[in-house]
Each structure stands twice: as C-alpha cells, then as structure tokens.
Amino acid sequence: MPNVYEIVTENIIKQLESGVIPWRKPWRTESPVNLISQKEYRGINVFLLGSQGYGSRYWLTFNQAKKLGGHVQAGAKSTPVVFWHIGEEKTVRKPDGTDRKSKAILLRYYNVFNLCQTDGIAEKLGLDKQVTRVPSLEQCESLVAGMPNPPQREQSARAWYRPSNDTVGMPARDLFASPAEYYSTLFHELTHSTGHASRVGREGIEQLNTFGSESYSKEELVAELGAAMLCGVSGIEQGTLGNSAAYLQSWTTRLKSDSKLLVSAASQAQKACDYIRNTSAKPEESEVQS
C-alpha cells in the first residue's frame, strides 16, 4: 500500500506525464481555503488543490457538505490534502543512557471536494457568483519592496542568485516579454535568496551553482514552488521557463526517485514565501476537519 508521500507524488507525476506542470498552471482563483474553517491550505496542498482547475477557492470534506445541508455530486472525484499528525510525547532512552522527550510526527491525508463539486451549498451561502481574479502588478512590486532584509540587487544579462555575496542579478524589466514574466522571474530568485543564513536558512543553498547535483535540483524546485505561490498571491501566471518535454521528463524522473522531495520542497517554499511576504508562519493543519 503506498504511503502518503507516494500518493501525493503520484498525483503530481500524472499531471507531469500528461504535459501539465502543476506549479505553472494559471491561477484563476485566490489561494485554496477550507470553507468551514476559512483557513488557507498551505505547502503542497496549494498545488494539489490549485492545479485541479476549479473556479472556486473553497474546499470541504464529504461530511462538511452534509452538515451544510448540501451534498457532493454523484461521481465527483475527491482530491487529497495532507496534514501532520503529532503523536503523544514519549520518553526515549538514548545510546548513552540518558533520556530525551520525543513526539512522533507522521504525514497523513484526507480527501476534500471543491465547492463546484457540490449542490445545495454555494447558492445558500451566496458563493455561486464566480469572481475573476485580476492580476496586480502593484501587489507584485509591493511584495518585492516589503521583503525584510532583502538581498543586494544588480543588473545583469541573465537572472541569478549568488549566495557568496548574497546578490540577485536581473535583466532590465523592459527586456522581458511582459511585466508578469519579470516579476515571476524575480520571485524565483528572491525565493533562492531566502535560503541564506541571514533569512530562513536552507541546507544546500551554498551549492546552488553546482548544476545537476541533488541539492541543486531540490533548491530549484523550492524556487519554482515559491515563485508560483507569490505569483498566486498577486494573481499573475508564473512564466520563468517553457513547459518543454525535457523539463517535464526531468522533474518526472526526479520525483519518481524520491517520493519525499515534493512535500519537503513545498514546505520550504511556503517558509520562503512567508518570509518574503513578511507574514508570521502558520502551523500546518494537524488534524482532519470532518
């Protein structure tokens, strides 16, 4: 039986194999949120839910739909969301004979449905009118300007982040096909910069320039996911790279060889996004919402 990491990774790999990059899909709604708790889903859940293509940002469980007096449509396919289950604290004896406190932290999942997959709820709550998200370049600039302890910036012929002197290089904005592509690329490099020890700190950031290494691949995925989250916040579509067959195959191969890579990278991307937005980190959901 596949574990939670494998279930999540398989979900994303299926999209990659069909020619779709889940973290590159246009954002047509705001960040996904649970209809009952009104809490935004975080980490890998943003991509598991956001890539399904539904027009509503609201999600709920089968039981939540029933409690609201509605029902899930017949034949509707659920989408998994993950959460961390924290067990009871136990005392563990170490090899040296001393004791330490320990809590088991396990990844679990439950299934949710989009509001569009239900009947008798949206109309009752006045949520049946879909609102088109309007991209905000002003919000993009505000995110960049509001980043605490930002890295140095310099103009360059290409986009990069150099950990050794904590500097982001970017071509002039006018050289990009659109302002959205400029900010998408800048978000990618700023996400890299959060790995610096003076910010969030992230293992492997010093080896960023070792192309093809395991740490390089993971760091690139963190930057991709972080940029996608920031693009989602401001309503623009991510466009740092084309959806080439080689690019798709590269990530498919990586994810198949390491089922924990995606969940881990998304968690780190969320921390990077929180830092850039200067928002307090919120804990992942720790229990199922029935």
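Name the single residue that is nearest to Val233 (Cα to Cα) among those in the range 136-161 being in contact with a Pro (Cβ under 9 Å, 6 or more places away or on another chain) and surrounded by 15 or more Cβ atoms within 10 Å (Cβ to Cβ). Looking at the filtered set, the residue picked out is Cys140.
Out of Ser156, Ser184, Ser164, report the one residue that is over 20 Å from the mean Cα position of the chain (by Cα) and modelled with pLDDT under 95.
Sole residue among the options that is over 20 Å from the mean Cα position of the chain (by Cα) and modelled with pLDDT under 95: Ser164.
Which one is surrounded by the fewest Cβ atoms within 10 Å (Cβ to Cβ), of the residues in the range 47-95 that are at pLDDT 85 or above, under 27 Å from Pro2 (Cα atoms) and aliphatic (A, V, I, L, M)? My answer is Ala74. Cβ separations smaller than 7 Å between residues 6+ apart or across chains give the following pairs from the range 194-210 residues that are more than 13 Å from Ala223 (Cα to Cα) to residues that are assigned to a loop (DSSP other than H, G, I, E, B) and at pLDDT below 80: Gln207/Ser213. Residue count for the range 241-260 under the criterion of being modelled with pLDDT under 90, part of a helix (DSSP H, G or I) and among the hydroxyl-bearing types (Ser, Thr, Tyr): the result is 2. Screening the range 34-46 for residues that are not polar (S, T, N, Q) and not in a loop (DSSP other than H, G, I, E, B) and picking the one that is surrounded by the most Cβ atoms within 10 Å (Cβ to Cβ) gives Ile44. The residues in the range 91-125 that are in a loop (DSSP other than H, G, I, E, B) and β-branched (Val, Ile, Thr) can be counted, and the count is 2.
The values are calculated or read from the model by the stated rules, or taken from the named source; none is laboratory data. These figures come from a predicted structure and were not determined experimentally. Note: ideal-geometry Cβ built from the backbone for every residue, glycine included; neighbour counts use all protein chains shown.
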